[in-house]
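The values are calculated or read from the model by the stated rules, or taken from the named source; none is laboratory data. Everything quoted here is computed from the prediction, not taken from an experiment. Cβ placement follows ideal geometry from the backbone for every residue including glycine, while neighbour counts extend to all protein chains displayed.
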Amino acid sequence: MTDLSNSISHDEARAHAHLESLIWANGRCYPNCGEAERTSFVKDKSHRPGLYYCLSCKKQFTVTVGTLFERSKVPLHKWVLAFHLMSASKKGISSHQLHRMLGVTYKTAWFMTHRIREAIREDNPGPLGGKGVRVEVDETYLGKPDCVKAPDGRWQKKRGHGSKMAVLTLVERDGKARSFHIPNMRSTTLRQHIFPNVDRKSDLRTDQLKSYTTLGREFASHETVNHNIGEYARGDAGTQVVENYYSIFKHGLIGVYQHISAKHLKRYTCEFDYRYNFRHVTDSERAQEALKGISGKRLTYRQVGAGQAA
């Protein structure tokens, strides 16, 4: 049975039961007061599914309290289906496509996708790599190039990166990926992102950008390849893994999302990192892992629109 025909994607009561099995795996708890024992199920048929009563503070609650779903008017089974669709789509799924499939407005679908990206955001991640682990580092640029007016009056694309957005990605070979939206490729900027996120005992693999050469001296080893002469692999040196990551990343941005603002770019990099990091599990397992990340997080429409949490 596929998740599209699974009852948790169409039945509200089953969706609540599914979410409770993930969020309350160690027992039911009301997060507002911390009560874990003195709670009871509200059996009245007139009440909504999954409603409980806290005997300590005399308040009703559901599994969505204290999560990204709190106060959401979207039915829970549509949330579950949205998590599956975003987790199963290798290159992502647009908000327009989601709003057509779920039967919600585009504004609602857009906000849902950002809440899902917040759920899969990794909290307090440790450094990648370690002794004997090779970590590849590379950068890419997104956006349209600047244009200048030629003497003959025609507009031409300006050489260089111009106003394009820079993305830095760290990838363990056969391991995890972690990406960042950075303002520039200066050595000081790279230091702020690479050093806290890559173990110094790791073996660093990059191209011959001077900023990498300076930082590479502080790792166990540092090998580079020269793309300018067509060199993409030399023995153990190479950046093929991170370039494969960028292949999927750019196909998703260009073919699915088409345009991403700088304000929200790091949310999208988080989305592609998550699918890459859980690429060896099934779509259902990936969606369940994403649902576990809704606890203890809140994200309002005002925050996303203003970029406070973007």
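The single condition from (1) assigned by TED's automatic domain parsing to the domain that holds LEU190; (2) exposed (fewer than 12 other Cβ atoms within 10 Å of the Cβ); (3) among the charged types (D, E, K, R); (4) free of Cβ contacts under 8 Å to residues at least 12 places away in the same chain that ARG279 fails is (1). Across the range 273-290, the qualifying residues are those that are touching a helix residue (DSSP H, G or I) at 6+ places or on another chain (Cβ under 8 Å) and of a type outside the set (D, E, K, R), and the one among them that is nearest to SER21 (Cα to Cα) is GLN288.
Every condition in (1) without any contact (Cβ under 8 Å) to a residue 40 or more places away in the chain; (2) farther than 19 Å from THR169 by Cα; (3) under 17 Å from the mean Cα position of the chain (by Cα) is met by ARG234 except one, and the failing one is (3). Only one of these is over 16 Å from GLY293 (Cβ atoms), free of Cβ contacts under 8 Å to residues at least 12 places away in the same chain and aliphatic (A, V, I, L, M): ALA15, ALA88, ALA36. Name it. Sole residue among the options that is over 16 Å from GLY293 (Cβ atoms), free of Cβ contacts under 8 Å to residues at least 12 places away in the same chain and aliphatic (A, V, I, L, M): ALA36.
Taking the numbered list (1) of a type in the set (A, V, I, L, M, F, W, C); (2) modelled with pLDDT under 90; (3) in contact with a Ser or Thr (Cβ under 6 Å, 6 or more places away or on another chain) in turn, LEU81 passes all entries but (2).
Within the range 164-214, the set of residues being part of a helix (DSSP H, G or I) and under 19 Å from the mean Cα position of the chain (by Cα) comprises HIS193, ILE194. Would a scan of the range 243-262 turn up a residue that is of a type outside the set (D, E, K, R), touching an Asp or Glu at 6+ places or on another chain (Cβ under 8 Å), surrounded by 18 or more Cβ atoms within 10 Å (Cβ to Cβ) and assigned to a helix (DSSP H, G or I)? Yes, because at least one residue in the range 243-262 is of a type outside the set (D, E, K, R), touching an Asp or Glu at 6+ places or on another chain (Cβ under 8 Å), surrounded by 18 or more Cβ atoms within 10 Å (Cβ to Cβ) and assigned to a helix (DSSP H, G or I). Here is a check on your reading of the model: is ARG298 in the same structural domain as PRO31 (by TED's automatic domain parsing) and either modelled with pLDDT under 95 or in contact with a Cys (Cβ under 7 Å, 6 or more places away or on another chain) (or both)? Here the answer is yes, as ARG298 does meet what is asked. Here is the figure for the range 79-94: residues that are assigned to a loop (DSSP other than H, G, I, E, B), crowded, with 16+ Cβ neighbours inside 10 Å and touching a helix residue (DSSP H, G or I) at 6+ places or on another chain (Cβ under 7 Å) total 4.
Within the range 263-291, restricting attention to residues that are of a type in the set (Ser, Thr, Tyr) and in a helix (DSSP H, G or I), the residue that is farthest from VAL133 (Cα to Cα) is SER284. Summed over the range 23-35, the residues that are at pLDDT 90 or above, surrounded by fewer than 15 Cβ atoms within 10 Å (Cβ to Cβ) and under 16 Å from GLU70 (Cα atoms) give a count of 1. Taking the criterion of being closer than 13 Å to ARG28 by Cβ and in contact (Cβ under 8 Å) with a residue 24 or more places away in the chain, the residues of the range 46-55 that qualify are GLY50, TYR52, CYS54.
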